[in-house]
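The values are calculated or read from the model by the stated rules, or taken from the named source; none is laboratory data. It should be emphasised that the depicted structure is a prediction, and the values quoted were computed from it without experimental measurement. FYI the Cβ positions are ideal-geometry reconstructions off the backbone, even for glycines, and counts take in every protein chain you see. Accessible surface areas use protein heavy atoms only, side chains included; no ligands, DNA or RNA. Shrake-Rupley method; radii C 1.70, N 1.55, O 1.52, S 1.80 Å.
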Amino acid sequence: MDIDWDEAAATFDKEPDHGLLDPLVRAAWDERLGGWLPERAGEFLDLGCGTGSLSLLAAARGHRVTAVDLSPRMAELARAKLAGTGAEVLTGDAARPPVEGRTFDTILARHVVWALPDPEAALRHWWSLLRPGGRLILVEGVWGDAGITAERLTGALAPLSAETRYERLSGDARLWGREVDDERYAVVATATTATATDAGAAQAQA
């Protein structure tokens, strides 16, 4: 699906789950995020960050945020929203974020995987950016003819030595500002063994 995200940026936050302008919606996402994030604050990468609403919640919990969006206008709005938090907002492809070999304790992508041309390749690359014990948080769904099923997503994660946890989100109207009847869910994958980055480093030292 071709969407002009620069054009969409102007009205992006009007959706309750995008702007989190309603205190009840914001509190619902903060509660969920608190259950997904590690208890100890660390390096947090938000891929396809939009205007930075979830990054702002992570920053408020003490995480050091790096946010990436392909749209220069989205990134500009995210920088404004995250001003004063110490967050870094980059413009680039979520599938191959411009993070120059850095690694992260948590990587979040909300409603991003479904839109990528090669989701499996992107997941493998993101996994290589995780530190040992790191978490990959994916919020996805199926909306009509668009989206990605939980079965496909968890199947793509299976070869990555991931411990995965599934949460159905459709039934929590607070998250969306309304009742929804489509498939919306989160998958939290934890790196239970060395990531690809760690394996490469070990080979280099041998």
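Considering the chain as a Gaussian network with a 10 Å cut-off on Cα pairs, which listed residue, E100, E39, E167, attains the greatest mean-square fluctuation?
Evaluated over the chain, the most mobile residue of the options is E100.
Once Rh is set to the Kirkwood radius over Cα pairs, what Stokes-Einstein translational diffusion coefficient, in µm²/s, holds for the chain at a temperature of 25 °C and a viscosity of 0.890 mPa s? Write out the running numbers ahead of the final one.
Numbers: Rh = 17.2 Å.
The estimated diffusion coefficient comes to 143 µm²/s.
Suppose every K and R has +1 on its Cβ and every D and E has -1 on its Cβ; what is the size of the dipole of the range 142-192 about the Cα centre, in Debye to the nearest 20?
Working: 6 positive and 9 negative charges, 35 e Å.
Its charge dipole is roughly 160 debye.
Counting heavy atoms of the protein chains only and a 1.4 Å probe, report the per residue accessible area for the range 124-173 as a whole number of Å². Spell out each step's value before the answer.
Numbers: 2290 Å² over 50 residues.
On a per-residue basis, the range 124-173 sits at 46 Å².
May I ask you to derive the FRET efficiency for R178 and E39 from their Cβ-Cβ distance with R0 = 25 Å, giving the value to the nearest 0.05?
Numbers: r = 32 Å, r/R0 = 1.26.
So the FRET efficiency works out to roughly 0.20.
Any idea how far the Cα center of the range 99-174 sits from the one of the range 1-75, in Å?
Taking the Cα centre of each part, the range 99-174 and the range 1-75 sit 15 Å apart.
What does the charge count around L123 come to, taking other residues whose C-beta lies under 13 Å from its C-beta (Lys +1, Arg +1, Asp -1, Glu -1)?
Details: positive: R96, R124, R152; negative: D118, E120, E140.
Overall, the nearby charge balance is 0.
About its Cα centre, what dipole magnitude does the range 1-60 give when the only charges are +1 on Lys and Arg Cβ and -1 on Asp and Glu Cβ, stated in debye to the nearest 20? Please list the in-between numbers first.
Values: 4 positive and 13 negative charges, 68 e Å.
Dipole of the range 1-60, to the nearest 20 debye: 320 debye.
Along its principal axes, what span do the Cα atoms of the range 1-84 show, with the longest given first and each in whole Å?
The Cα atoms of the range 1-84 stretch 37, 28, 26 Å along the principal axes, largest first.
Residue farthest toward the positive end of the dipole of the range 1-142, with Cβ of Lys/Arg at +1 and Asp/Glu at -1: which of G84, L20, T51?
Going by the Cα projections, it comes out as G84.
Where the only charges are on Cβ atoms (+1 Lys, Arg; -1 Asp, Glu), what is the dipole of the chain about its Cα centre, to the nearest 20 debye?
720 debye
Of the heavy-atom accessible surface of the range 108-180 (probe 1.4 angstrom), what whole percent is carbon and sulfur?
Values: 1610 of 3280 Å².
Carbon and sulfur: 49 percent of the exposed surface of the range 108-180.
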